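Below is one structure, written out as structure tokens, with a few remarks after it.
The values are calculated or read from the model by the stated rules, or taken from the named source; none is laboratory data. Not measured: the values here are computed from a predicted model. Note that we place each Cβ from the backbone using ideal geometry, even for glycine, and neighbour counts take in every protein chain shown.
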Amino acid sequence: MVVTQRLAEACLPLGHHTRSQELLGEMIETARATGDRPSELYARLERARVQLLTGPDPTPLEAIRREADVAFAHFTHLLER
């Protein structure tokens, strides 16, 4: 999954935004299937960021906020263990 993450990140500066979103979608699906919640949340946040940058316009900031809130709650809970 790390390779997919790096490829998705590398696609952005090259202008391959659609491919980046596809790779992030694959990451999300794989993470869900394997129960890897941290990787799923990372990919969801990154996909929201790409959508903010590339559209479709307008991407509601509230959608990004929801993704960030879910990730924040999850990772805070992990730290409190």
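Descriptive notes on the structure:
- Hits in the stretch 1-54 - residues which are of a type in the set (Val, Ile, Thr), at pLDDT below 95 and under 10 Å from the mean Cα position of the chain (by Cα): Val50
- Residues that are among the charged types (D, E, K, R) and out of contact with any helix residue (DSSP H, G or I) (no Cβ under 7 Å at 6 or more places or on another chain) were ranked within the stretch 50-70; the one that is nearest to Leu14 (Cα to Cα) is Asp57.
- The C-beta contact set for the stretch 23-48 (first residue over 17 Å from Ala73 (Cα atoms), second residue of a type in the set (S, T, N, Q) and surrounded by 15 or more Cβ atoms within 10 Å (Cβ to Cβ), distance under 7 angstrom, 6+ apart or interchain) comprises Leu23/Thr4; Glu26/Thr4; Met27/Thr4; Met27/Gln5; Met27/Ser39; Ala31/Ser39; Arg47/Gln21.
- Restricting attention to the stretch 58-76, the residues that are modelled with pLDDT of 90 or more and of a type in the set (S, T, N, Q) total 1.
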